[in-house]
Amino acid sequence: MSDNAAKPNAKAKLLDAALAVIRATGYSATTVDELCTAAGVTKGAFFHHFKSKDDLGVAAADHWSETTGAQFAKAPYHTLTDPLERVIGYLEFRKKLLQGALSEFTCLVGTMVQETYDTSPAIREACNRSISEHAARLESDIEQAITARGISPDWSAQSLALHTQAVLQGAFVLAKARGGPEIAAESIDHLIRYVNLLFNRSVG
């Protein structure tokens, strides 16, 4: 009974460890031994839950989606009445998350897909699913903002939602290259200006 109760706990520890370790050292450089040490579990426990490191990588991407999805679901911008304000609020919320060490605010799936897109189709698809699902949640607010503002753009809500993710992921790469969040914050500011221009919204 106690062994069965411990197994889900070990899996959860490994997934949480993966989020921290992979963002800090990269997917390729992360070893199963390091993950086990960080999680405080045995190698036997690892292979009880995951067939391989790639198997854990897929599960980690899904765990990341669940964890960040819950975080964004509680974000204050959802309470705003104006859908365009919600879109801008989302971007401002992303900027506020640029706190602490690089590994604490950069994206797990963005980190993994850069390293595995050609070597692990399963991880690539899990990362694509995570990023696309996140963009889809923003897409609804963009659609509503298009209707509310009465504009007829030659771009789609989906394309703009995905563009925001492209800018954010690129901003994380620049932050890593520069060794700090300042360039990422500036990139988000530029993105906010761009979104306002798309919707013909002047800001003071």
HN-Hα J in Hz across the stretch 133-144 - Karplus 6.51, -1.76, 1.60, θ = phi - 60°, x for Gly and Pro | 5, 5, 4, 4, 5, 7, 4, 4, 5, 5, 4, 5
Percent of Cα-Cα pairs per 5 Å bin, from 0 to the last occupied bin, for the stretch 101-198, please list those.
-> 2, 12, 19, 20, 19, 14, 8, 4, 1, 0
Treating only Lys and Arg (+1) and Asp and Glu (-1) as charged, each at its beta carbon, one finds that the chain has a dipole about its Cα centre, in Debye to the nearest 20, of 240 debye
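Filter the cross-link list K43/K95; K51/K96; K53/K74; K53/K96; K13/K74 down to pairs whose alpha-carbon distance in this structure exceeds 30 Å.
K43/K95; K51/K96; K53/K74; K53/K96
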Summing -39500 (n - 2.57) over every DSSP H run of at least 4 in the chain, dividing by its residue total and rounding to the nearest 500, the 222 nm mean residue ellipticity is -25000 deg cm²/dmol
3J(HN,Hα) from dihedral phi, the stretch 9-20, Karplus parametrisation 6.51/-1.76/1.60, rounded to Hz, x for glycine, proline = 5, 4, 5, 4, 4, 5, 5, 5, 5, 4, 4, 7
The helix 83-96 Cα axis meets the longest alpha-carbon principal axis of the chain at an angle in degrees, between 0 and 90 and rounded to 10, of 50 degrees
Match the structure shown to one of the listed values [x] 215; [y] 104; [z] 135 of volume of the Cα convex hull per residue in Å³, computed from it, and give that label.
-> [z]
Using only Cα atoms, tell me the angle between helix 182-198 and the longest principal axis of the chain; keep it within 0 to 90° and round to the nearest 10.
-> 40 degrees
Compare the peptides 128-134, 196-202 by average per-residue count of other Cβ atoms within 10 angstrom and give them in order, highest first.
-> 128-134, 196-202
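Bear in mind that the values in this text are calculations on the coordinates, not laboratory data. On a predicted model such as this, the values are computed, not experimentally measured, just so you know. As a convention, Cβ positions derive from the backbone with ideal geometry for all residues, glycine included, and neighbour counts pool all protein chains shown.
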